[in-house]
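Below is one structure; the comments refer to it alone.
The values are calculated or read from the model by the stated rules, or taken from the named source; none is laboratory data. Since the model is a prediction, treat every value here as computed from it, not as a measurement. Positions of Cβ are backbone-derived with ideal geometry, glycine not excepted, and every protein chain shown enters the neighbour counts.
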Amino acid sequence: MPAIEGVALASAATGIKYAGRPDVMMMTFAEGTAAAGVFTRSKCPSAPVDFCRRNLPGGRGRVLVVNSGNANAFTGRKGAAATAATARAAAAAAGCGEEAVFLASTGVIGEPLPAERFTPHLAGMAAAARPDGWLEAARAIMTTDTYPKVATARARLGGTEVTINGIAKGAGMIAPDMATMLSFVATDAPIAAPALQALLKRAVGGSFNAITVDSDTSTSDTLMLFATGAAAARGAPRIEAAGDRRLAGFRRALDAVLRDLALQVVRDGEGARKQIAITVTGAASAGSARRVARSIADSPLVKTAVAGEDANWGRVVMAVGKAGEPADRDRLAIWFGDIRVAAEGERDPAYSEAATSAYMRNDEIAIRVDLGLGRGKATVWTCDLTKEYVAINGDYRS
């Protein structure tokens, strides 16, 4: 991961839940860094989500602190107190006001967060933070993840090269609603906070809001984007509006980073062995297509069929039918990869069980459904559902 001028990172092992592994990550940002964010729409949000929402309208970020092992969600007054204590310590460590602090937590819900275990470390972390700490930071925010998730891209802004780096965590409780599980992205591009916010809100639609592992939206979903503006010193123009034509390359690069991170989350779904792309075309509208695709992607029967390498297209028919969206059985067509398995209300006359079963042995499975009603289309990514998912979540708190 390349360095982003104006960003430094540090991580530490503080024993919040895990022994002998990093569980706190800090990012510090140069003065004047713009901040944007989107958060869970859960009606039971975590204390850090509430804190970030209060600070976001200020549009400025100087320090981000993230802990793993404890979500600080459904923790009442104790949770708010832990968040306040963390914010005070982070502000003191970074030399800024608490309005420029952002926080996130991930892990077990309902357990009070022992902030006293990690707040004494924050001053030392701020002093030790370095530009090349991206991979260690990604490891520090992991819970049931099997690997750290990072992505980077470059773009031209007014003839000047800018960089976008991102990290993410997530493997279970994945069905984002306006945000991801936890993801933090930074760039040296000089983009004002209102424009940055608009870019981020648009970008989540085709990335983090287009994935699902288990249909469960977390209490803690947080996606934040920080722009230090350091590239202005190299000639990059300051951007004030999201509609500025000079943002075209940056927008594509941001989309690529978010898509990369989102697909890494799906590929690392708890117990997952296969990545599945569900594409719906011919729907009455794009929104209808997405809802049908989500119905298929969230179906335990579809996901277990893929896990068993069973080309059971009848389960896809079921998921289309239950979605509550316009559909016509006799116009429906279904493909597994390039193999059309069903059309016009029945099995395709050329269907080959052997060929389709061979396709299902791939690590990446594409399922396409055409509803034959309109021009709406959408793609949602998910993963298979295996016995390991039950094992991981059956003893998650132990």
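Observations on the model:
- Number of the exception - residue 161 against (1) within 28 Å of residue 242 (Cβ to Cβ); (2) part of a loop (DSSP other than H, G, I, E, B); (3) charged (D, E, K, R); (4) modelled with pLDDT of 95 or more: (2)
- Scanning region 73-128 for residues that are under 21 Å from residue 36 (Cα atoms) and among the hydroxyl-bearing types (Ser, Thr, Tyr) yields 83, 86, 105, 106.
- Just one of the numbered conditions (1) touching an Asp or Glu at 6+ places or on another chain (Cβ under 9 Å); (2) touching a residue at least 60 places away in the same chain (Cβ under 8 Å); (3) over 17 Å from residue 167 (Cβ atoms) is not true of residue 55: (2).
- Checking the stated criteria, residue 380 turns out to be crowded, with 19+ Cβ neighbours inside 10 Å and assigned by TED's automatic domain parsing to the domain that holds residue 313.
- Residues (of a type outside the set (A, V, I, L, M, F, W, C) and assigned to a loop (DSSP other than H, G, I, E, B)) located in region 319-344: 324, 325, 326, 328, 337, 338, 344
- Of all residues in region 358-390 being more than 18 Å from residue 336 (Cβ to Cβ) and in a helix (DSSP H, G or I), the one that is modelled with the highest pLDDT: 387
- Only one of 111, 136 that is of a type in the set (Asp, Glu), surrounded by 15 or more Cβ atoms within 10 Å (Cβ to Cβ) and within 22 Å of the chain's Cα centre (by Cα): 136
- Qualifying residue in region 386-393 (condition: within 23 Å of the chain's Cα centre (by Cα), closer than 24 Å to residue 261 by Cα and surrounded by 18 or more Cβ atoms within 10 Å (Cβ to Cβ)): yes
- For residue 244, the stated conditions hold: it is modelled with pLDDT of 95 or more and acidic (Asp, Glu).
- Looking across region 297-356 at every residue that is among the basic types (Lys, Arg) and without any contact (Cβ under 8 Å) to a residue 60 or more places away in the chain, the one that is farthest from residue 390 (Cα to Cα) is identified as 331.
- Residues of region 286-305 satisfying the condition of being over 22 Å from residue 209 (Cβ atoms) and surrounded by 20 or more Cβ atoms within 10 Å (Cβ to Cβ): 305
- Total residues in region 298-355 satisfying the condition of being in contact with a helix residue (DSSP H, G or I) (Cβ under 7 Å, 6 or more places away or on another chain), closer than 18 Å to residue 284 by Cα and aliphatic (A, V, I, L, M): the figure is 6.
- Restricting the first member to region 200-211 and to residues that are within 18 Å of residue 34 (Cα to Cα) and at pLDDT 90 or above, and the second to residues that are in a helix (DSSP H, G or I) and of a type outside the set (Gly, Ala, Ser), the beta-carbon pairs closer than 6 Å and six or more apart or on different chains are 203/254; 203/255; 203/258.
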